[in-house]
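Colleague: A single structure is presented below for examination.
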Amino acid sequence: MKKISKNIKASSHSKHYLLHRYWGRKAHNVVNEYIKNYTKKNDLVLDPFMGSGVVPIECSKMQRKAIGVDLNPISTFIVNNTINKIDLSLLEKNFDRIFNKNKKKYESFYFSKCNKCKSDAIIENSVWKEKVFYSIKIRCENCGVSIKKADAFDKKLQKKISLIFNKEKNDFYYPKEKILKYVKRSDKTHMDMLFTERALIILGNINKDIQKIVNKKIRDNLKLCFSSMLSSVSRMIPGDEKKVQGRSGWVVSKLWVPKIHTEKNIFITFQTRFNKFCVGKKEAMSLIDDKQVKIYNKSSEKLSFIKSKSIDYIFTDPPYGQSIAYFGLSMFWNSWLRENVKYNKEIIYDPSRNKKYDDYSMRLINVFKEMHRVLKDNKYLSLTFHNRDIRIWEIVISNLQKIGFKLENIVYQEQAVSSGTQGLNRKNTFKGDFVYNFKKQVFINKKKLNGFDSIEHLKNEIKKSIASSKGFITPDKLYEKIIPFIVNNDLYRDKNDKIVDVENILNTNFKYKKIIRNSKIIYGWIL
């Protein structure tokens with residue numbers, strides 16, 4: 001089996017991967033190359049931490065069978081409604097009916113007056129300064145688009161909407177769950193506080209009408225479209241008070257409300273989102289064979305529905321300890337979809353929920369044992385990882401080796417899109433992941449270095465790595481070299497049994513320098 005030993009240039013996400021947002025989505029062409037390299041047609045591939053479903057979806061395009069497993073309900077909801085076949089004309093018919101009904105009833109919630117001709121105008125976007133309705137962007141049939149400060153007419157409308165909300169709020173569902181501490185950033189404590197009262201009324205009624213659709217596939221696809229626009233019409237988007245627009249999308253890995261934030265017109269946003277959704281769905285139906293894929297909303301700690309030694313290859317992206325709080329962030333969508341989320345079974349390091357390293361380690365080891373059981377002998381596991389906490393490395397890599405996986409090689413892999421948790425810059429962080437490639441074996445004979453303690457061995461290895469790179473090495477290339485060295489020689493802890501601090505070793509013994517190479521600024525380590 002030929003090893004993949006170098007970075008694969010990541011492609012941007014295809015339209016069918018943009019049906020709904022999900023954190024940490026991997027570049028589809030990179031996943032495709034790994035699957036192609038380690039399998040053949042009709043092989044069975046497993047992803048026990050499926051996320052947005054890149055692995056099973058890419059398998060289906062290449063005539064591989066796939067099993068995708070994830071405990072997060074929004075994960076399986078996204079994947080099932082990406083791969084299923086529907087009548088797009090029926091989807092559009094239901095959308096138009098629900099959209100027009102609610103627009104007729106609530107369009108007046110976005111009425112304003114043109115500053116120039118005093119005619120009726122439609123609010124396209126608005127900016128709030130904390131609780132103050134501050135400025136709006138309006139469209140007038142006579143004068144076009146203009147920006148104005150919220151006036152007496154606009155503020156009177158807000159008071160009217162507030163009265164309607166208090167009168168009708170029991171007639172529709174909207175989420176009121178308490179935001180998990182780990183993903184809470186601002187003073188907003190409950191889910192409904194992430195939306196204006198105007199948004200809650202309109203979203204609650206649209207969602208109520210979607211729930212009445214009889215055809216399950218049509219209902220679920222429209223629910224997915226609805227869910228995909230929620231962040232855009234929430235209060236989480238930072239606002240530009242002069243241009244009256246968002247400064248960015250939802251890029252912070254928290255549930256919060258910036259002091260200056262936007263409020264978009266839901267009808268404009270929903271129509272735009274639906275048009276894009278249909279393009280992505282059409283592409284998905286032309287590329288994906290859903291008969292090749294099986295999806296399970298279950299915990300991978302017990303894969304009893306998969307036979308022992310039946311899997312030909314595993315590609316997965318396990319939870320990174322505390323890097324991304326998948327369940328906490330996903331409550332933004334799961335709460336609207338009214339999904340039952342088993343937070344107690346999430347694999348994460350989150351002391352606020354009493355989920356500490358022992359719990360994280362125990363649950364991850366359970367999954368690794370199941371992966372080893374279902375994978376055929378001498379077959380491969382590719383595992384992506386983006387965490388620089390040596391304690392997490394020890395939990396993940398050391399336990400994989402103990403269970404019977406031999407580390408073959410490690411590759412630093414760039415991502416298609418940098419997220420709020422990524423980016424390679426002067427502060428020595430990464431914009432990609434490491435891909436660890438393992439081979440299933442029954443017994444692994446691990447070597448242990450003699451002589452110096454772990455810190456001295458690491459210092460010497462870092463010196464060699466810098467010297468072999470002509471005296472200058474970037475963080476990604478350095479970690480490509482020292483991670484296998486730490487892993488293969490069991491150097492996670494020093495002579496006092498404390499976790500080795502690689503960053504401290506680097507900062508204490510080496511210099512971080514900026515150089516210009518091919519007209520580009522590059523940061524790296526020197527002796």
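No lab work stands behind these numbers, since they all come straight from the coordinates. None of the values given here were measured: they were computed from a predicted structure. We place every Cβ from the backbone using ideal geometry, glycine too, and count neighbours over all the protein chains shown.
Colleague: Going toward the positive end of the dipole of the chain, with +1 on Lys and Arg Cβ and -1 on Asp and Glu Cβ, which of Ile365, Phe332, Leu44 do you reach last?
Modeller: Highest projection toward the positive end goes to Phe332.
Colleague: Which value in deg cm²/dmol, rounded to the nearest 500, describes the helix-derived mean residue ellipticity at 222 nm for the chain, given -39,500 (n - 2.57) per DSSP H run of n ≥ 4 and division by the residue count?
Modeller: -11500 deg cm²/dmol
Colleague: When all C-alpha to C-alpha distances in the range 244-358 are sorted into bins of 10 Å, what percent of pairs does each bin hold, rounded to whole numbers?
Modeller: Per 10 Å bin, starting at 0, the Cα pair percentages come out as 9, 25, 33, 25, 7, 1.
Colleague: Can you give the charge dipole size of the chain about its Cα centre, rounded to the nearest 20 debye, using +1 on the beta carbon of Lys and Arg and -1 on the beta carbon of Asp and Glu?
Modeller: The dipole magnitude comes to about 660 debye.
Colleague: Tell me, what is the percent relative contact order of the range 1-155, built from C-alpha pairs under 8 Å that lie six or more residues apart?
Modeller: 12
Colleague: Only residues of the range 72-93 count here: report those whose backbone N is under 18 Å from the spot 7 Å along Cα→Cβ of Asn366, or say none.
Modeller: In the range 72-93, the label zone of Asn366 (backbone N under 18 Å from the point 7 Å along Cα→Cβ) covers 72-73.
Colleague: Using the Kirkwood radius over C-alpha pairs as Rh, can you work out the diffusion coefficient of the range 1-70 via Stokes-Einstein at 37 °C, viscosity 0.692 mPa s, in µm² per second?
Modeller: Translational diffusion coefficient: 259 µm²/s.
Colleague: Please state the relative contact order of the chain as a whole percent: Cα pairs under 8 Å, 6+ residues apart?
Modeller: Reported as a whole number, the value is 16 percent.
Colleague: The range 56-212: Rg/Rh from Cα coordinates, Kirkwood Rh?
Modeller: Reported Rg/Rh, Kirkwood definition of Rh: 1.07.
Colleague: Considering only DSSP beta bridges with both partners in the chain, what is the antiparallel share in %, to the nearest 5?
Modeller: That works out to approximately 75 percent antiparallel.
Colleague: Check the cysteines of the chain one by one and keep only those with no other cysteine Cβ under 4.7 Å from their own.
Modeller: Cys59, Cys117, Cys225, Cys278
Colleague: May I pose another question? Please give the direction-averaged projected area of the C-alpha convex hull for the chain, in square nanometres with one decimal.
Modeller: Quarter of the Cα hull surface area: 27.4 nm².
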